[in-house]
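Engineer: Provided herewith is a single structure, encoded as structure tokens, for subsequent inquiry.
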Amino acid sequence: MDLLDTLVAKGLSRELPTREEALAVLATTDDELLDVVAAAGRVRRHWFGRRVKLNYLVNLKSGLCPEDCSYCSQRLGSTAGILKYTWLKPEEAAEAAAAGVAGGAKRVCLVASGRGPTDRDIDRVADTIAAIKGQSEGVEVCACLGLLSDNQAERLRAAGADAYNHNLNTSGDNYADICTTHDFQDRVDTVQQAQAAGLSACSGLIAGMGESDADLVDVVFALRDLDPDSVPVNFLIPFEGTPLAKEWNLTPQRCLRILAMVRFVCPDVEVRLAGGREVHLRTLQPLALHLANSVFLGDYLTSEGQAGQADLDMIADAGFEVEGTDRTTLPQHRSAAAGHGGCGPCGGEEASCATTATTATTATTATEPATETEAEQALEPAGTGAARTDLVQVRRRGAGTDLPPNA
């Protein structure tokens with residue numbers, strides 16, 4: 001049985017691939033790319049059908065962060081010309097969220113820059129959650145406020161938050177190269193605090209920061225160990241004025257391989273196509289829908305995204321459907337776990353799923369698993385020849401402005 005047959009079979013049974021198999025996915029060639037997408041797409045459809053969950057970001061507090069994360073336009077020392085404003089009022093945030101919900105968003109993600117929230121900040125966010133849920137029945141609310149202190153996750157849960165996002169971003173070995181004001185374990189601890197409070201954990205990565213294939217595989221395996229319910233896959237937006245402004249290491253093809261690897265390692269989790277998709281996937285975004293079952297609608301925190309209507313058209317044109325609030329995103333065996341779960345090992349008998357399992361078929365052109373050394377060295381990221389710096393646009397509308405959002 002070849003590599004893709006093996007990975008499909010493991011994905012359908014929720015079995016963890018080996019590290020060598022994950023590396024081999026990243027080392028496949030462009031000639032094999034469609035076979036990789038088709039194989040990972042079978043796993044995606046098995047667990048999530050052709051549904052696409054829409055998420056909408058509201059930046060509650062923008063810029064002036066004391067942390068030095070190299071990838072972030074809001075970081076300490078950033079000279080990126082982004083919007084800077086303090087906390088939105090609950091009614092302002094609710095108005096911004098309503099635009100996303102009107103566009104079909106099922107989840108609203110409330111984000112605030114900073115190391116972590118104060119207790120007063122938790123009160124502000126609690127009022128905002130109440131305002132959003134008061135006007136939009138059935139909407140999910142995810143908070144993303146940085147590192148949490150004792151009892152803050154519990155307070156968010158009591159306030160009505162459904163989920164908490166805190167990304168690992170890169171591997172533990174690579175973390176000190178992108179941030180010095182906190183460490184990898186701080187991020188792990190916050191995700192675990194959210195889970196312990198009964199919040200659905202959302203934690204993902206950023207690709208394209210100059211990391212190796214081994215780093216990408218390591219962070220995805222670390223995420224699997226953490227067992228989040230959703231894994232956002234971000235692609236670095238190289239903002240001028242940040243230390244990573246010149247890091248143009250991604251091609252559309254490499255982005256698809258990364259997404260496929262994440263799907264194989266986390267087969268039954270919500271894989272979200274997140275920041276940077278427009279910049280790096282470009283016209284291949286519809287292919288990414290065969291790998292990810294969730295996307296952000298419209299703009300991001302400090303950068304412009306594709307127009308909301310263009311997102312909806314893309315989803316429909318690719319043969320997918322927007323997931324409604326009447327549908328449970330996660331498969332039954334995961335959604336029944338009271339908010340806990342992710343892409344971890346099954347640990348028991350296979351539970352039922354909304355999609356009927358099928359037997360793995362043979363891909364037409366697949367590679368045999370490469371050794372770790374071969375997989376790490378087979379392909380180097382593309383250079384600056386593929387860069388499209390004209391696609392990096394600072395957000396000038398939506399929350400914190402007088403202009404309507406791009407939803």
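Engineer: Among the residues of segment 72-114 satisfying the criterion of being modelled with pLDDT under 95 and among the basic types (Lys, Arg), which is surrounded by the fewest Cβ atoms within 10 Å (Cβ to Cβ)?
Structural biologist: Looking at the filtered set, the residue picked out is 84.
Engineer: Mind checking whether some residue in segment 198-209 is in contact with a Lys or Arg (Cβ under 9 Å, 6 or more places away or on another chain), crowded, with 23+ Cβ neighbours inside 10 Å and in a strand (DSSP E or B)?
Structural biologist: Of segment 198-209, the ones in contact with a Lys or Arg (Cβ under 9 Å, 6 or more places away or on another chain) are 198-199, 202-204, 207-208.
Next cut, crowded, with 23+ Cβ neighbours inside 10 Å only: 199, 202-204, 207-208.
Adding the requirement that they be in a strand (DSSP E or B) leaves 202, 207.
Within segment 198-209 (the criterion being in contact with a Lys or Arg (Cβ under 9 Å, 6 or more places away or on another chain), crowded, with 23+ Cβ neighbours inside 10 Å and in a strand (DSSP E or B)), the answer is yes, since at least one residue qualifies.
Engineer: Does residue 276 satisfy the criteria of being touching a residue at least 24 places away in the same chain (Cβ under 8 Å), of a type in the set (Gly, Ala, Ser) and buried (at least 21 other Cβ atoms within 10 Å of the Cβ)?
Structural biologist: Judged against the criteria, residue 276 is a match.
Engineer: Would you please list the contacts, defined by Cβ atoms under 6 Å and residues six or more apart or on different chains, that run from a residue in segment 167-189 that is in contact (Cβ under 8 Å) with a residue 12 or more places away in the chain to a residue that is among the basic types (Lys, Arg)?
Structural biologist: 168/187
Engineer: Right, another one. For segment 209-221, name all the residues that are within 21 Å of residue 291 (Cα to Cα) and in contact with a strand residue (DSSP E or B) (Cβ under 9 Å, 6 or more places away or on another chain).
Structural biologist: Result: 216, 219, 220.
Engineer: Taking the criterion of being at pLDDT 95 or above, in contact with a helix residue (DSSP H, G or I) (Cβ under 7 Å, 6 or more places away or on another chain) and surrounded by fewer than 17 Cβ atoms within 10 Å (Cβ to Cβ), would at least one residue in segment 115-132 satisfy it?
Structural biologist: Yes: segment 115-132 contains one or more residues that are at pLDDT 95 or above, in contact with a helix residue (DSSP H, G or I) (Cβ under 7 Å, 6 or more places away or on another chain) and surrounded by fewer than 17 Cβ atoms within 10 Å (Cβ to Cβ).
Engineer: Let me ask something else. Restricting to segment 177-197, and then to whatever is in a helix (DSSP H, G or I) and of a type in the set (Gly, Ala, Ser), can you tell me which residue is nearest to residue 77 (Cα to Cα)?
Structural biologist: Top of the filtered list is 194.
Engineer: With the condition kept exactly as written, say whether any residue in segment 313-326 is of a type outside the set (A, V, I, L, M, F, W, C), surrounded by 24 or more Cβ atoms within 10 Å (Cβ to Cβ) and within 18 Å of the chain's Cα centre (by Cα).
Structural biologist: no
Engineer: While we're on this one: Hey, can you tell me all the residues within segment 221-246 that are out of contact with any Phe, Trp or Tyr (no Cβ under 9 Å at 6 or more places or on another chain), farther than 11 Å from residue 71 by Cβ and not in a loop (DSSP other than H, G, I, E, B)?
Structural biologist: 221, 223, 224, 225, 226, 230, 231, 233
Engineer: Within segment 42-92, how many residues are within 17 Å of the chain's Cα centre (by Cα) and not basic (Lys, Arg)?
Structural biologist: 10
Engineer: If you check residue 60 against the conditions, is it surrounded by 19 or more Cβ atoms within 10 Å (Cβ to Cβ), within 29 Å of residue 321 (Cα to Cα) and touching a Lys or Arg at 6+ places or on another chain (Cβ under 9 Å)?
Structural biologist: Judged against the criteria, residue 60 is not a match.
Engineer: Something else now. Could you list, in sequence order, all residues of segment 251-270 that are of a type in the set (D, E, K, R) and in a helix (DSSP H, G or I)?
Structural biologist: Of everything in segment 251-270, those that are of a type in the set (D, E, K, R) and in a helix (DSSP H, G or I) turn out to be 254, 257, 263.
The values are calculated or read from the model by the stated rules, or taken from the named source; none is laboratory data. Computed from a prediction, not measured in an experiment: that's the story for all the values here. Positions of Cβ are backbone-derived with ideal geometry, glycine not excepted, and every protein chain shown enters the neighbour counts.
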